[in-house]
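A quick write-up on the structure given underneath.
The values are calculated or read from the model by the stated rules, or taken from the named source; none is laboratory data. Note that this is a predicted model, so its numbers are computed, not measured. We place every Cβ from the backbone using ideal geometry, glycine too, and count neighbours over all the protein chains shown.
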């Protein structure tokens with residue numbers, strides 16, 4: 001089914017002229033204006049929180065003089081151009097636009113080129129509104145592996161970029177892997193994951209809903225519940241009826257929740273909920289998780305949309321060695337050094 005979807009989308013794009021592939025500013029504005037006021041208000045609120053968080057995340061330049069008088073430092077500078085892949089077709093993802101384009105804008109990236117599949121030529125008003133709010137500079141009607149190739153190598157219509165970010169299906173992930181080296185990429189993302197640590201004091205239906213929060217993406221989403229209450233585990237699973245849970249869901253019953261951090265660090269989940277009264281001691285013991293949601297009233301969905309930290313996170317245990325934070329600043333450090341003749345002589349004499 002997925003193969004047919006991708007092939008149909010490719011053939012639709014291949015019949016478009018260069019003028020049709022790039023979405024005009026007038027079309028973007030017209031479709032963005034069609035978004036309901038409530039949707040636009042929600043997007044603006046989310047955008048403000050995302051921007052505020054990522055401004056605080058910006059790294060500081062380094063500049064100091066060492067003990068022999070050599071001046072050393074590193075400067076962070078934005079990339080010139082970033083390509084943003086936004087999925088489309090079965091669902092619209094305006095939050096993906098915000099989470100990728102806003103950090104680039106905060107970093108000072110001048111060109112943010114967005115590609116999005118448009119089935120039957122339809123433009124989603126919420127996605128167009130998000131692109132306006134986030135500061136996307138250009139949008140193209142193209143998706144799939146061919147969109148990644150266009151961003152990496154350039155075409156007559158699409159100028160190449162320095163880095164490609166954003167989620168996609170297996171074909172998009174494979175294409176990003178192939179073009180890495182020609183351009184930078186954010187990560188090779190796999191199916192979404194959530195791990196919830198919860199005791200019996202929680203509402204079973206709430207925890208069940210949280211475990212399914214990633215199932216909207218695809219049926220390969222993975223969900224795990226760790227609890228110290230077997231009766232509670234039974235109540236939670238009774239509330240869940242979804243293909244993703246039947247295929248990739250699991251319950252781990254432990255004697256004490258103090259055992260949870262060791263399991264969490266082995267699994268290195270993309271999303272981690274700690275639905276307990278005192279989540280901080282558990283969180284302090286966790287070294288490998290993409291994002292952590294603390295307490296009984298912090299569902300993962302808040303992080304997906306409006307909390308502020310980025311929702312583009314490492315999957316498939318890659319949270320052991322990567323994160324979803326500064327990679328989204330879209331900037332790079334430039335080391336520098338400057339020495340006086342006297343400092344150079346002193347440095348040369350040192351072993």
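Worth a mention:
- Lone qualifier among 7, 12 - being surrounded by 14 or more Cβ atoms within 10 Å (Cβ to Cβ), modelled with pLDDT under 90, part of a helix (DSSP H, G or I) and more than 18 Å from the chain's Cα centre (by Cα): 12
- Among (1) modelled with pLDDT under 95; (2) within 18 Å of the chain's Cα centre (by Cα); (3) in a helix (DSSP H, G or I) - the single one residue 177 does not satisfy: (1)
- Residues of segment 237-262 satisfying the condition of being under 28 Å from residue 189 (Cα atoms) and surrounded by 15 or more Cβ atoms within 10 Å (Cβ to Cβ): 237, 240, 242, 244, 245, 248, 249, 251, 252, 260, 261
- The listed residues are 233, 250, 260, and the only one of them that is in a strand (DSSP E or B), over 19 Å from the mean Cα position of the chain (by Cα) and in contact (Cβ under 8 Å) with a residue 12 or more places away in the chain turns out to be 250.
- Close pairs from segment 47-62: first closer than 7 Å to residue 308 by Cα and not assigned by TED's automatic domain parsing to the domain that holds residue 104, partner in a helix (DSSP H, G or I) and modelled with pLDDT of 95 or more, Cβ under 8 Å, at least 6 apart: none
- Any chance residue 185 is free of Cβ contacts under 8 Å to residues at least 24 places away in the same chain, farther than 21 Å from residue 17 by Cα, touching a helix residue (DSSP H, G or I) at 6+ places or on another chain (Cβ under 9 Å) and crowded, with 19+ Cβ neighbours inside 10 Å: yes
- Lone unmet requirement of (1) assigned to a helix (DSSP H, G or I); (2) in the same structural domain as residue 290 (by TED's automatic domain parsing); (3) in contact with a strand residue (DSSP E or B) (Cβ under 8 Å, 6 or more places away or on another chain); (4) over 17 Å from residue 293 (Cβ atoms) for residue 210: (4)
- Residue that is modelled with the highest pLDDT [pool: residues in segment 119-143 that are crowded, with 24+ Cβ neighbours inside 10 Å and closer than 15 Å to residue 90 by Cβ]: 127
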